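This report concerns only the one structure given below.
The values are calculated or read from the model by the stated rules, or taken from the named source; none is laboratory data. A quick note: this is a predicted structure, and the numbers were derived from the prediction, not measured. Positions of Cβ are generated from backbone atoms using ideal geometry, with glycine treated the same way; all protein chains shown enter the neighbour counts. The accessibility values were calculated without ligands, DNA or RNA, using every heavy atom of the protein model including side chains. Shrake-Rupley method; radii C 1.70, N 1.55, O 1.52, S 1.80 Å.
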Amino acid sequence: MVTNGLKLAQKLKFSPRRVLVVQKRTRLVQETHRHPCYLENLQTAGRHDDLVAIQTRHDVHEANLSIILNELKSHFEEVALVDTINKRHVEWADLFISAGGDGTFLNVASQLEGGKLLIGLNTDPERSVGHLCARSRFGYSNLKYVIKQIACGECAFIKRSRIRVKLTYPCNIGEKTEIEIPKYALNDVYIGETSPTRLSYLELQIDNLPAEKQKSSGFLISTGSGSTAWGYHVNALDFYRTEQFLKILHDSGLTNKKLKSTEIVEIMNNFNDSFIFGPEDRRMKYITREALQNSVFRAVNTQGYAKSITVRSLCWNGKIVMDGIQRKFNFDDGVMANFTTSDCDSINSIQFVD
């Protein structure tokens with residue numbers, strides 16, 4: 001991993017001059033922008049604890065943002081700070097820093113073409129895991145240390161795979177219109193009905209396998225980066241389910257060992273972690289959520305890995321949602337979507353500093 005990272009660093013000729021820092025908009029900033037009297041209203045409503053919590057998280061972010069800016073200015077020629085990114089910013093910067101959590105990283109990544117260099121710095125690690133953000137492989141969370149290592153190029157560079165989406169719309173008989181979405185999904189793509197209470201009806205073509213019609217709670221396609229996000233939690237077992245499954249095995253005579261709680265937790269964690277795969281992996285993980293299984297519908301291919309996925313909508317009011325709420329597209333009856341990955345669509349980043 002480190003060898004590949006060093007090779008990529010040499011290829012990138014890591015010597016950025018202009019650094020653009022894109023900060024997250026905290027809850028306090030968002031709410032006071034929409035409602036100028038938001039804090040006063042919380043106080044009046046007696047929601048003192050909420051007021052303190054919102055102000056505290058904002059202060060933590062601001063303090064860490066100040067550290068990031070001061071440290072970057074000591075290593076790079078030009079450093080600019082924005083809270084929204086546009087085309088002019090993309091053309092100006094050599095290096096992009098997202099200052100926030102994974103959501104901020106995803107938002108910035110959605111604006112960048114393949115080959116750009118984006119590094120995430122977590123401004124509130126107590127409340128955000130930040131799987132997409134840089135951290136030290138030695139366990140150091142000190143922002144000054146991480147930035148110093150980045151400036152020296154002492155990083156494990158990676159190319160995070162992203163999903164390209166091409167839509168095909170039926171027009172007149174025998175005619176089709178194809179549109180390629182100009183943005184890419186870094187974590188995942190959800191395909192299904194807009195209403196969470198309505199079954200999603202989709203026809204799936206996985207690589208060269210036969211097409212299959214399924215009814216479900218929706219269809220999820222994940223990258224390696226997304227395998228620690230929604231793609232992880234949609235599969236993950238909790239302690240109760242793991243314990244119940246193992247109890248059935250024991251009661252059925254398939255195992256005669258009675259496990260301790262610590263052993264059940266270890267089995268649970270090993271199972272859950274088996275769904276995580278590398279961010280540079282060009283494969284996509286597909287998951288049918290809560291597939292309908294009855295005498296009419298028998299979903300066979302509900303989970304696996306693929307290089308190409310084509311989905312035809314049979315929905316009433318379908319949507320394609322890329323990276324959570326970042327981008328949504330209508331996906332109504334008859335529309336087809338093809339999902340692929342390509343090396344040229346990947347975004348350069350780092351996972352660890354040395």
Go ahead and set up a Gaussian network model of the chain, Cα springs under 10 Å, then flag whichever of GLN111, GLN30, GLN244 fluctuates most.
GLN244
Under the Debye formula (equal points on every Cα, no solvent term), log10 I(q)/I(0) of the range 221-354 at q = 0.18, 0.19, 0.20, 0.21 Å⁻¹:
-1.17, -1.23, -1.29, -1.35
Do the sum for the chain: with -39,500 (n - 2.57) for every DSSP H run of n ≥ 4, divided by all residues, what is the mean residue ellipticity at 222 nm, to the nearest 500 deg cm²/dmol?
-9000 deg cm²/dmol
Could you check which residue among PRO182, PRO125, PRO36 shows the biggest mean-square fluctuation in a GNM of the chain with a 10 Å Cα cutoff?
PRO36
Helix 48-73: inclination vs the chain longest Cα principal axis, degrees, rounded to 10, gives 60 degrees
Shape call for the range 254-319 from the C-alpha gyration tensor, a ≥ b ≥ c root eigenvalues: rounded (a/c under 1.5), prolate (a/b greater than b/c) or oblate?
oblate
Solvent-accessible surface (1.4 angstrom probe) belonging to VAL234, in square angstrom, nearest 10
50 Å²
Using a Gaussian network model of the chain with C-alpha springs under 10 Å, which one of PHE331, PHE76, PHE219 is most mobile by mean-square fluctuation?
PHE76
Any aspartates and glutamates with Cα under 16 Å of the LYS215 Cα? List them, leaving off those in the same chain fewer than 8 positions away.
GLU193, GLU203, GLU290, ASP332, ASP333
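What number, in percent, do you get for the relative contact order of the range 158-257 if the mean sequence gap of Cα pairs under 8 Å and at least 6 apart is divided by its residue count? Could the numbers behind the result be given before it?
On the way: 114 pairs, mean separation 22.0, N = 100.
Relative contact order comes out at 22 percent.
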Please go through the range 255-354 and write out the trypsin sites (Lys or Arg not before Pro) that DSSP classes as loop and that have at most 10 other C-beta atoms within 10 Å.
LYS257, LYS258, LYS260
With point charges of +1 on the Cβ of Lys and Arg and -1 on the Cβ of Asp and Glu, referenced to the Cα centre of the chain, which listed residue (ASN330, THR341, VAL19) lies farthest in the positive direction of the dipole?
THR341
The aspartates and glutamates whose Cα lies under 13 Å from the Cα of LYS260, excluding any fewer than 8 residues away in the same chain, are GLU243
Magnitude of the charge dipole, the range 211-329, Cβ model with Lys/Arg +1 and Asp/Glu -1, debye to 20:
520 debye
Where q = 0.19 Å⁻¹, what log10 of I(q)/I(0) comes from the Debye formula for the range 1-132, counting one point per Cα?
-1.13
With unit charges on the beta carbons (Lys and Arg positive, Asp and Glu negative) and the dipole taken about the Cα centre of the range 104-207, which residue among ALA151, THR168, ILE191 sits farthest to the positive side?
ALA151
Decide, for the range 96-244, between rounded, prolate and oblate: order the square roots of the alpha carbon gyration tensor eigenvalues as a ≥ b ≥ c, take rounded if a/c falls under 1.5, and otherwise choose prolate if a/b is larger than b/c, else oblate.
oblate
Bin by bin, in steps of 20 Å, what percent of the Cα pairs in the chain do you find, going until the bin that has the longest distance?
25, 51, 23, 1
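Listed here are the pairs LYS285/LYS328; LYS24/LYS73; LYS87/LYS307; which of them are more than 28 Å apart at the Cα? Can you show the working numbers first?
Values: LYS285/LYS328 20 Å; LYS24/LYS73 19 Å; LYS87/LYS307 31 Å.
As for pairs spanning more than 28 Å Cα to Cα, those are LYS87/LYS307.
Charges at C-beta only: +1 for Lys and Arg, -1 for Asp and Glu. How large is the resulting dipole of the range 144-183 about its Cα centre, in Debye rounded to 20?
Details: 9 positive and 4 negative charges, 64 e Å.
So the dipole magnitude of the range 144-183 works out to roughly 300 debye.
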Tell me the per residue accessible area of the chain using a 1.4 Å probe; a whole number in Å² is fine.
53 Å²
Whole-percent tail of the Cα-Cα distance distribution for the range 157-269, cut at 18 Å, equals 71 percent
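As an exercise, identify the GluC sites (Glu not before Pro) in the range 83-136 lying in DSSP coil whose Cβ has no more than 14 other Cβ atoms within 10 Å. All intermediate terms of the calculation are to be shown ahead of the outcome.
Working: sites: GLU91, GLU113, GLU126; in loops: GLU113, GLU126.
Passing sites in the range 83-136 are GLU113, GLU126.
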If you place +1 on the Cβ of every Lys and Arg and -1 on the Cβ of every Asp and Glu, how big does the dipole about the Cα centre of the chain come out, in debye to the nearest 20?
480 debye
Using the Kirkwood radius over C-alpha pairs as Rh, can you work out the diffusion coefficient of the range 132-208 via Stokes-Einstein at 20 °C, viscosity 1.002 mPa s, in µm² per second?
122 µm²/s
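Taking K and R as +1 and D and E as -1, what net charge do the other residues with C-beta under 14 Å from the C-beta of GLN293 add up to?
On the way: positive: LYS213, LYS215, ARG289, ARG298; negative: GLU212, GLU290.
Taking every other residue near GLN293 into account, the sum is +2.
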Largest-first principal axis extents, alpha carbons of the range 14-62, Å
52, 20, 8
